[in-house]
Amino acid sequence: MRIRFIFCFLLLLLPLLADEYEMMRVGKLEIVVCNPTSSTNFDARAVRASLHTKVGSLFSQAEFDEDLKKLAEDYAHVEPCIEIVSDQLIIVLKIWLKPTIREIVYCGNERVSTKKLQKELDVEIGSCYDQEGFLESFNNLRRLYVKKGYFESDLNYEVISHENCNDVTIKITIQEGRAGKIKRIDFCGLKRCEENELLDLMVTKRHNFLLSWYLGSGCYNPEMVEHDQLQIVNYLQNKGYADAVVSICLDDQTLPGCIILKICVDKGQCYHIGEMGMEGNCIFTNPQIWSRFNFGRGSIYSPEKIRETIQSISDLYGAHGYIDASVDIQLSLRNDEPVYDLCLMVEEGEAYRVGIVKVFGNQCTQTNLILHETLLCPGEVFDIRKLKGTEKRLENTGYFKCVNVYAVKSSYEGSCEEDLYRDVYIEVTETDTGNVGLFFGFSSLEQLFGGVEISEQNFNIGGITRIFEKGPRALRGAGEYAHFKVNVGDRQTSYLAQWTKPYFMDTPWIVGVDLEKNDNRVLSQAYEIKTYGGSVHATYIRNEYLKYNFYYRANKTNTSVSGNPNTQLEVQGAEGGLISAAGLNIMYDSTDHPRRPTDGFRSRFIYEIAGLGGTFDFMKFAYLNTYYYPMSKRGTLKFRADLQFILPYSDTTPVDLPLGERFFLGGETTVRGYRPFVIGPLFGNLEPVGGISSMLLSEEYQYNVLKAPAIDAFVFVDAGMVSLSRFTLGRYAASVGFGTRLEVIKNVPLMMGLGWPIHPTVVVNGVTIDNSQRFFFSMGGNF
């Protein structure tokens, strides 16, 4: 500390002499090592070459300060000395070399090996000792002991210098103390249902032999326990127990290395809401404001509900321009009675309109793209909900790591003197929007597969012409989505290129182009379906739930037959040609999560007509529905109902349709418990034919066993029908079963289960075929 103080003092003193030395010529620059040893290998010329200050050049105080800072990082101490001789500067830089670590000694560690500690410390013997760097590494040891549950551990280190050499020995002293894996968490003073809810809220968890090693949970951590204590108090206060007292202690250890966490709760009295009054409101009537309360007279006292009510009333005023309205609820406790009387106090303020909308901080992203996401328009009545909605929309674009949208006093003058304005400032900090990833997977349907994909969420195709002028930066900023993917597997190889542009020509429409090539061997080993082509599409977002999508696609398809085909399959293999089709896709989605929904409804209606040129003439109808209903906090009931039909017309018959356009059912993604795609008609060699009429029904109950990592158990009932006749459903196939879904590694879902088919056998040309495949399995994702 003393050396650092002297160095800082010199840095502060040097600027005072800057005017005296500035622009004088440097006559000599000498570097002196003040603590050399016999093994010191110091090259003064290399150090001088790295400095900005040079012999013969004019002295610059700013450059000299930078040189001192650089030397201070590389050496233990630097002391400059400057003299003026014959109108020239003589500079002597005295430096002290950093000591070398001769040895690291560990004392007191019994339950964690020295080898493990040295690996965690990650400081090599023979390296230079840097105090700040070593302290950062030393903190890794402390975190290691905390992670392993040694909540009483105490670690310190001592640096021992050696005479006549520039070496040090570091002695690390460890007092491990008690260690404990949490065997049980016992509650006292709570109901069973309350205990279960608190166990979900708490960060501290019981030790789990299978998962704790991966999650790093199940060990006692004082900081986590303190956080949980506050969580429990907050939970009880929102249940009305305003005087609740919570104490957490360790019970006697029953086994070495295991502890019992005991949580004792004294709830006290349950408080309620008494009389309710209101003052200061003129714009809105009492009934209008009462409707914003989510509690009433006699309700249980809850600080959270009071905060929500204040926010709801503030939003009511903010939606009508009163963005500076002050809303507060004052509580008064009755004498000798657990009842709070409350009075709502309102200061309404003035109504405002939106002034100018300004954007700051965007380096690549185009300003007009940001303004398209803005819900507020200049001149309209200021709506605080739209201000928050704008911030949320910009965050959801994925273009920015930080978004701040707020109102400021405006200099805008309206046409009417009574109008008051507030400008809207949008401050953004951009983030990386590109991604290059590998993916892999394995399933009972596709076997082994993997590939690579590249995506950019904020692409700018118009920047291609300026790439030589601005570099790769020119390809970002227009909010376009570009995606390239190559998938190679045992049964499928595909290539995909996508480009999508939002707000096409400053309209609400999203337009895009997809190009794809696919070699599909998933349906059968007897034939391979090869397609290539693309589509153009335009999407109109009606609201947050409803979308309309119009598209045109053109695909060239053919089927190559291998193995030992029969005549019917050879005829089918000869069917190929161009599919030219246009369609409408109406999508409705009110689910609460894009990947793991537990509530809401998804529905799609598709109409397509093929025959706008091309080889085949048909119409396609599809109505696809999935409904999620939360049965409990962790249980979700899922219903799925898909109905699809193809109507060939003109010279096209059902058997003329390419295999790639037909419907197939069976396997892990449709009717579980059956072999993939076997439901429905078969060729003579028992390969799937597919159909033009299809129905899929499924009911599943999923229960979340563990939130992190996500582990879900499920039971299901599936049924499906496929027919090669127009608007006719064939013999149904049904199954029941159970399984589990895991996501131990992020974005790498794992599903496995067992299904029992109700009608596993069919008879084809006098041959009985067993279509069952009871075990299903899939794994895949990005890393």
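Six or more apart or on different chains, Cβ atoms under 7 Å: show the pairs whose first residue is in region 59-81 and closer than 13 Å to residue 29 by Cα and whose second is open to solvent by less than 60 Å² (accessible area, probe 1.4 Å) and among the aromatic types (Phe, Trp, Tyr).
Within 7 Å, the pairs are 59/21.
For a quick check of your reading of the model, give me the residue pairs whose first member lies in region 474-499 and is of a type in the set (Val, Ile, Thr), whose second is open to solvent by 10 Å² or more (accessible area, probe 1.4 Å), with beta-carbon atoms closer than 6 Å and at least 6 apart or on different chains.
486/451; 486/452; 486/495; 488/451; 493/519
Looking only at region 208-226, count every residue that is within 28 Å of the chain's Cα centre (by Cα), loosely packed, with under 14 Cβ neighbours inside 10 Å and within 14 Å of residue 263 (Cα to Cα) and tell me the total.
Within region 208-226, residues that are within 28 Å of the chain's Cα centre (by Cα), loosely packed, with under 14 Cβ neighbours inside 10 Å and within 14 Å of residue 263 (Cα to Cα) number 1.
Within region 149-195, restricting attention to residues that are of a type in the set (D, E, K, R) and closer than 24 Å to residue 104 by Cα, which residue is most open to solvent (accessible area, probe 1.4 Å)? Before you say what the answer is, go through the steps one by one.
Taking region 149-195 and keeping what is of a type in the set (D, E, K, R), we get 152, 154, 158, 163, 167, 171, 176, 178, 181, 183-184, 186, 191-192, 194-195.
Checking the rest, the ones that are also closer than 24 Å to residue 104 by Cα come to 152, 154, 158, 163, 167, 171, 176.
Details: 152: 83, 154: 68, 158: 101, 163: 162, 167: 46, 171: 77, 176: 13 Å².
Ranking the candidates gives 163 first.
Residue 369 versus (1) without any contact (Cβ under 8 Å) to a residue 40 or more places away in the chain; (2) within 30 Å of residue 501 (Cβ to Cβ): which is the lone unmet condition?
If we test residue 369 against (1) without any contact (Cβ under 8 Å) to a residue 40 or more places away in the chain; (2) within 30 Å of residue 501 (Cβ to Cβ), just (1) comes out false.
Taking region 307-329 as the search range and keeping residues that are free of Cβ contacts under 8 Å to residues at least 24 places away in the same chain and either farther than 30 Å from residue 379 by Cα or not hydroxyl-bearing (Ser, Thr, Tyr) (or both), which one is surrounded by the most Cβ atoms within 10 Å (Cβ to Cβ)? Walk me through how you get there before you give the answer.
Of region 307-329, the ones free of Cβ contacts under 8 Å to residues at least 24 places away in the same chain are 307-312, 326-329.
Those left that are additionally either farther than 30 Å from residue 379 by Cα or not hydroxyl-bearing (Ser, Thr, Tyr) (or both): 307-308, 310-311, 327-329.
Values: 307: 11, 308: 15, 310: 15, 311: 13, 327: 24, 328: 13, 329: 17.
Checked region 307-329; the qualifying residue surrounded by the most Cβ atoms within 10 Å (Cβ to Cβ) is 327.
Somewhere in region 636-655, is a residue surrounded by fewer than 19 Cβ atoms within 10 Å (Cβ to Cβ), among the aliphatic types (A, V, I, L, M) and assigned to a helix (DSSP H, G or I)?
yes
Examine region 341-352 for a residue that is in contact (Cβ under 8 Å) with a residue 12 or more places away in the chain, open to solvent by less than 70 Å² (accessible area, probe 1.4 Å) and under 30 Å from residue 222 (Cβ atoms), and state whether such a residue exists.
Looking only at region 341-352, we keep the residues that are in contact (Cβ under 8 Å) with a residue 12 or more places away in the chain, and these are 341-352.
Next cut, open to solvent by less than 70 Å² (accessible area, probe 1.4 Å) only: 341-346, 348-349, 351-352.
Adding the requirement that they be under 30 Å from residue 222 (Cβ atoms) leaves none.
Within region 341-352, none of the residues are in contact (Cβ under 8 Å) with a residue 12 or more places away in the chain, open to solvent by less than 70 Å² (accessible area, probe 1.4 Å) and under 30 Å from residue 222 (Cβ atoms).
Residues that are open to solvent by less than 40 Å² (accessible area, probe 1.4 Å) and among the hydroxyl-bearing types (Ser, Thr, Tyr): which strands (runs of 3 or more DSSP E) entirely in region 61-120 hold 1 or more of them? Spell out the reasoning first.
Working: elements: 77-85, 88-96, 100-107.
In region 61-120, the matching strands (runs of 3 or more DSSP E) lie at 100-107.
Among the residues of region 722-749, which ones are modelled with pLDDT of 85 or more and within 38 Å of the chain's Cα centre (by Cα)? Spell out how you get there, then give the answer.
Start the filter on region 722-749 by keeping residues that are modelled with pLDDT of 85 or more, which leaves 722-728, 732-742.
The answer is 734, 735, 736, 737, 738, 739, 740, 741, 742.
Give the residues of region 397-414 that are at pLDDT 90 or above and surrounded by fewer than 18 Cβ atoms within 10 Å (Cβ to Cβ), sorted by residue number.
Those that are at pLDDT 90 or above and surrounded by fewer than 18 Cβ atoms within 10 Å (Cβ to Cβ): 401, 402, 404, 406, 408.
Quick one: count up the residues across region 593-639 that are hydroxyl-bearing (Ser, Thr, Tyr) and either more than 30 Å from residue 197 (Cα to Cα) or in contact with a helix residue (DSSP H, G or I) (Cβ under 8 Å, 6 or more places away or on another chain) (or both). Full working, then the answer.
Residues of region 593-639 that are hydroxyl-bearing (Ser, Thr, Tyr), as a first pass: 598, 603, 607, 615, 623, 626-629, 632, 636.
The next check asks that each one be either more than 30 Å from residue 197 (Cα to Cα) or in contact with a helix residue (DSSP H, G or I) (Cβ under 8 Å, 6 or more places away or on another chain) (or both); those that pass are 603, 607, 615, 623.
Selection size over region 593-639: 4.
Tally up the residues in region 638-663 that are touching a Ser or Thr at 6+ places or on another chain (Cβ under 8 Å) and of a type in the set (Asp, Glu), please.
2
Does residue 125 count as of a type in the set (A, V, I, L, M), free of Cβ contacts under 8 Å to residues at least 60 places away in the same chain and in a loop (DSSP other than H, G, I, E, B)? Please lay out each step first, then the result.
On the way: of a type in the set (A, V, I, L, M): yes; free of Cβ contacts under 8 Å to residues at least 60 places away in the same chain: yes; in a loop (DSSP other than H, G, I, E, B): yes.
Judged against the criteria, residue 125 is a match.
From the list 426, 461, pick out the single residue that is touching a residue at least 24 places away in the same chain (Cβ under 8 Å) and in contact with an Asp or Glu (Cβ under 7 Å, 6 or more places away or on another chain).
Details: 426 fails: in contact with an Asp or Glu (Cβ under 7 Å, 6 or more places away or on another chain).
Criteria check complete, one pass: 461.
So residue 532 clears everything in (1) under 23 Å from residue 578 (Cα atoms); (2) open to solvent by less than 50 Å² (accessible area, probe 1.4 Å); (3) assigned to a strand (DSSP E or B) except one condition, right? Which one?
That leaves (2) as the condition not met.
With the structure loaded, tell me whether residue 708 is of a type in the set (Gly, Ala, Ser) and open to solvent by 60 Å² or more (accessible area, probe 1.4 Å) or whether it fails that test. Can you show your working first?
Values: of a type in the set (Gly, Ala, Ser): yes; open to solvent by 60 Å² or more (accessible area, probe 1.4 Å): yes.
It is true that residue 708 is of a type in the set (Gly, Ala, Ser) and open to solvent by 60 Å² or more (accessible area, probe 1.4 Å).
In region 230-247, what count of residues is obtained for those that are open to solvent by 60 Å² or more (accessible area, probe 1.4 Å) and either aromatic (Phe, Trp, Tyr) or farther than 13 Å from residue 267 by Cα (or both)?
So the count comes out to 2.
Within region 675-692, does at least one residue satisfy the condition of being open to solvent by less than 20 Å² (accessible area, probe 1.4 Å) and under 30 Å from residue 199 (Cα atoms)?
Kept after step one, since they are open to solvent by less than 20 Å² (accessible area, probe 1.4 Å), are these residues of region 675-692: 678-679, 683, 688-692.
Next cut, under 30 Å from residue 199 (Cα atoms) only: none.
Checking region 675-692: not a single residue is open to solvent by less than 20 Å² (accessible area, probe 1.4 Å) and under 30 Å from residue 199 (Cα atoms).
Identify the residue in region 480-502 that is more than 30 Å from residue 527 (Cβ to Cβ) and among the hydrophobic types (A, V, I, L, M, F, W, C) and, among all such residues, is least open to solvent (accessible area, probe 1.4 Å). Give the steps one after another, and end with the answer.
Pass one, region 480-502, residues more than 30 Å from residue 527 (Cβ to Cβ): 480-482, 499-502.
From what's left, among the hydrophobic types (A, V, I, L, M, F, W, C): 482, 499.
Working: 482: 7, 499: 56 Å².
Only one residue fits best here, namely 482.
The values are calculated or read from the model by the stated rules, or taken from the named source; none is laboratory data. The model shown is predicted, which means the values in this text are computed figures rather than measured ones. Virtual Cβ from ideal backbone geometry, glycine too; neighbours counted across all protein chains shown. For the accessible areas, the whole protein counts, side chains as well, though only heavy atoms, and no ligand, DNA or RNA atoms are used. Shrake-Rupley method; radii C 1.70, N 1.55, O 1.52, S 1.80 Å.
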